Amino acid sequence: MDKMVFKGDIVFTSIKDKLEIYEDSYLIVENGKVVKISKVLEESYKDYPLKDYTKKLIIPGFVDLHLHAPQYPNRGLGLDKELIPWLETYTFPEEEKYYDLEYSRKVFTRLIKDLWSVGTTRSVVFASIHKESTKLLMDLFIESGLGAYVGKVNMDRNTKKELTEDTATSILETEEILIEYKDKSELVKPIITPRFAPTCTEGLLEALGSLAIKHKAPVQSHLNENTSEVIWVKELFPASKNYASVYDDFNLFGQTKTIMAHCIYNTDEEIELMAENGVYAAHCPYSNYNLSSGIMPVKKFLDMGVPVGLASDISGGNSLSMMSIIAGAIQASKMKWLETNKELAPLTFSEGFYLATKGGGSFFGKVGSFEEDYDFDALVIDDSSLSDIKELTIEERLQKFIYIGDDRNIIARYVKGRKIEKPF
Ligand code: GUN
Ligand code: FE
C-alpha cells in the first residue's frame, strides 16, 4: 500500500464559507487518498515516508472547469470583438488547423506543460472537431499524469465549411472515442461536447443525448454567454422554452453530469433547472470581460444551489492561472454587487478559493479538498518571497499567493498522491 505523510501549513475548504487551516501539521495519505490531518504525528504513521514541507503552504490542486485546447495559440489575441464575430474572425480559423497532428502536438504539449506550471491539476477541456487530434490530446494528458475530461467538439451547422461535420460521422466518431477511452485511464476521461446550440442541428443534439445516456458519459457546452447569442438560439429553436431547455429537451442537461460555461443571462427559471438537475456552471470572469459578454451573477447561482466552478475559457480568457481567475471572479462579483444596488453580496476570499478547488473538483468526484477519503491532489507553495515584509497569518499568506503569487511559488504538484514532474 502506498503510504505517505506530508508536513506543512495545510489549508483547504470543505464548505465555501470557511478556510480550514492546520498550522505545522501532518497529512496522512494512503493509496492516493487523504486519511487524516493531525497536529501530532501518531505512532502508527511514524514509519510512513515523510515529505517535510515545513513553513510551506499545502493546498488542493486547482481545477479549471472549462477551456479550449486548440485555442491556446490565440491566447491574448483578438479580444476586440463580441462572441459571434470573435468566433468567426479569430477562433474558427485557428480551430480549422487541427487535422494536422504535428501542429496539434506542438500546441497541446505546450498547453499541458503550462497547466502543470500554474498548478492546474484537473481540467475540463474542449478539443476541436478532429477525432485524431482529440485522441492525441487525451494521450498527452495521460502521459502527463494530470487529470482531465476531454471532448471532441460536435458541430454540424452555422460554422465554416471546413468545420462543418457530417452529422452521422460526428456521432460515430464521438461514440468511437467514448468506447476507446472509457477505461483507458483512471484520470483522463471523454466528455460529450456539443459546441453550443447554434452550431448543432436538432438531429445531432438528439443523438448526443442518447450517447450520453447509453454510455453514462458526461456533457459540456456553452449557455447564455452573449445577448445576441441568446436571441439567435430563440430563433433557431422556437419550440424550446428557453436556452437551457434546448439542452434539457435533448437529455444534455444533467441527465448525466453536465457543465455549462458562462451562464451570464440565465433567467431564474433556467437557474432553477440547473439546481434541480445538478448542472454545473463554469464561471469564466476574464473571458466575459474580454468578449464584453457581461458579469455572471455567481452569488445568485450559489444561493440557489447550483454547483459552480471557475474556468479560464482559453482563449476567450487570457489567463491560464486559477490564482488570477480566483481574484478575477471576486472582482467581478464586486462589480455585480454595485450593479445590483448592493443586493447580491460579493464573493468572499474563501468562496473564491473554494470555487477553484472543491467547487470545480466535485465534478471529478472526491477532488479539491483534504477531507477524509479525498484524492490527494495538492500544491506545495513556497511563499517566502511574498511574505517577508511583515508577519502574516496563514490565511493572509494564502491571500498574498492568490493575488500576487505565480507559478514560481509552486514547488511541487501531486495528483492522487503521485508527484507530477514537469511533463514532456
Ligand atoms: N461559444 C461557442 N463556442 C465558444 C468558444 O469557443 N468560446 C466561448 N467563449 N464561447 C463559445
Ligand atoms: Fe468556451
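The values are calculated or read from the model by the stated rules, or taken from the named source; none is laboratory data. Predicted model, so just to flag it, every value in this text is computed and none were measured. Backbone-built Cβ (ideal geometry, glycine too); neighbour counts: all protein chains shown.
Within segment 64-77, one or more residues are within 16 Å of ligand 2 (Cβ to nearest atom), assigned to a strand (DSSP E or B), farther than 24 Å from ILE179 by Cα and within 19 Å of the chain's Cα centre (by Cα). The C-beta contact set for segment 277-305 (first residue over 18 Å from PHE364 (Cα atoms) and part of a loop (DSSP other than H, G, I, E, B), second residue polar (S, T, N, Q) and within 13 Å of ligand 2 (Cβ to nearest atom), distance under 8 angstrom, 6+ apart or interchain) comprises CYS284/SER312; LEU291/ASN226; SER293/ASN226; SER293/SER287; GLY294/ASN226; GLY294/ASN288; ILE295/ASN288; MET296/ASN288. Out of all the residues in segment 211-225, which are within 15 Å of ligand 1 (Cβ to nearest atom) and either more than 14 Å from the chain's Cα centre (by Cα) or part of a loop (DSSP other than H, G, I, E, B) (or both)? Across segment 211-225, the qualifying residues are LEU223, ASN224, GLU225. Taken over segment 370-389, the criterion of being of a type in the set (A, V, I, L, M) and either at pLDDT below 95 or not in a strand (DSSP E or B) (or both) is satisfied by LEU386, ILE389. The listed residues are SER324, SER369, SER315, SER333, and the only one of them that is closer than 19 Å to ARG397 by Cα, touching a helix residue (DSSP H, G or I) at 6+ places or on another chain (Cβ under 7 Å) and not aliphatic (A, V, I, L, M) turns out to be SER369. Does VAL34 satisfy the condition of being in a strand (DSSP E or B), aliphatic (A, V, I, L, M) and either within 13 Å of GLY316 (Cβ to Cβ) or in contact with a Phe, Trp or Tyr (Cβ under 9 Å, 6 or more places away or on another chain) (or both)? In short, yes.
Name the single residue, out of those in segment 234-245 being assigned to a helix (DSSP H, G or I) and either farther than 12 Å from PRO198 by Cβ or in contact with a strand residue (DSSP E or B) (Cβ under 9 Å, 6 or more places away or on another chain) (or both), that is farthest from ligand 2 (Cβ to nearest atom).
Here the residue is SER245.
When segment 37-77 is filtered for residues that are on the phi > 0 side of the Ramachandran plot and either of a type in the set (A, V, I, L, M, F, W, C) or more than 16 Å from ligand 1 (Cβ to nearest atom) (or both), only LYS55 remains.
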